Amino acid sequence: MNFPLNRCHNLLLSALLAGLLAVAMAPVRAEEPAVESVEVTRPVIEAAVIAHVEEVAAKRGLTEHGEKLNIDVLQVPGAPFSFKDSASLDDLTLKTSSSLNQFFSSRVLVRVQMESTSGRVKEIGVPVAISLSKPVWVAKTTVMPGGTLNPKDFEIEIREITNGFDRMAGEEVDITQYASRMMLRPGQMLSAAHMVRPPAVRRNAEVKVIMLGDNGLKVVIPGKSMEDGQMGQLVRVRHLHQRDKFYTARVVGENRVQIRM
């Protein structure tokens, strides 16, 4: 059977035109908008946790005398965190809290709360190890109790003081203003428990007893203290020459006590 060539050509051209027309008339699908999302990574959370610890330490005055704060974030459970309803980190609110404001310790769990603008919240606990070191007074020799502290018996060393930061005596303390309360051994750090203000009046020391009357009368007699006394404390004294006369007087200066008659 013979098929005319020109007819075949016409059929192919008609099919091609029909296909082009179908493509042109097909509905155009609108592009779906990309879903916005943001990830909160481990470094972001670590930075927030470290900033929290540093802020609390500064508020408590733990770094105002040369102390060095070391912060180690042990882990960030579940990181990273994805928020599909936020486009950037600026759309999120990160809040941190811990027990450090009440009790500063070497181990703490910092709570981190992440909240998007739509109100979606994720919260985790981040374990942190903290160490605090500073230059402190350390005994070089055995220091016996009772005597005024002498800087020659000590040296300044940088020591870790995390668990005793509020008791250890740093180089900002003038130790010559204190006496030793108890014995210190070489290598032992000086703390508030070891120090006491030297008494203004010592037991068995001669003192001036100042007697003041309501009419402005002032009499000074020699006396002897029966006990140690700090400034402002009441002590028992007796007349230096009349052993049967005792008084209760207030310490008002070095080897001086006062009685109001």
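The values are calculated or read from the model by the stated rules, or taken from the named source; none is laboratory data. Computed from a prediction, not measured in an experiment: that's the story for all the values here. Reconstructed Cβ throughout: ideal geometry from the backbone, glycine too, with neighbour counts over all protein chains shown.
A few points about this structure:
- All positions within segment 235-257 that are surrounded by 12 or more Cβ atoms within 10 Å (Cβ to Cβ), part of a strand (DSSP E or B) and within 50 Å of the chain's Cα centre (by Cα): VAL235, ARG236, VAL237, TYR247, ALA249, ARG250, VAL251, VAL252, GLY253, ARG256, VAL257
- Of all residues in segment 130-155 being under 28 Å from GLU55 (Cβ atoms) and not small (Gly, Ala, Ser), the one that is surrounded by the most Cβ atoms within 10 Å (Cβ to Cβ): VAL136
- When residues of segment 199-225 are limited to those that are in a loop (DSSP other than H, G, I, E, B) and in contact with an Asp or Glu (Cβ under 7 Å, 6 or more places away or on another chain), the one nearest to ARG236 (Cα to Cα): ARG203
- Number of residues in segment 19-64 that are at pLDDT below 85 and in contact with a strand residue (DSSP E or B) (Cβ under 7 Å, 6 or more places away or on another chain): the value is 1.
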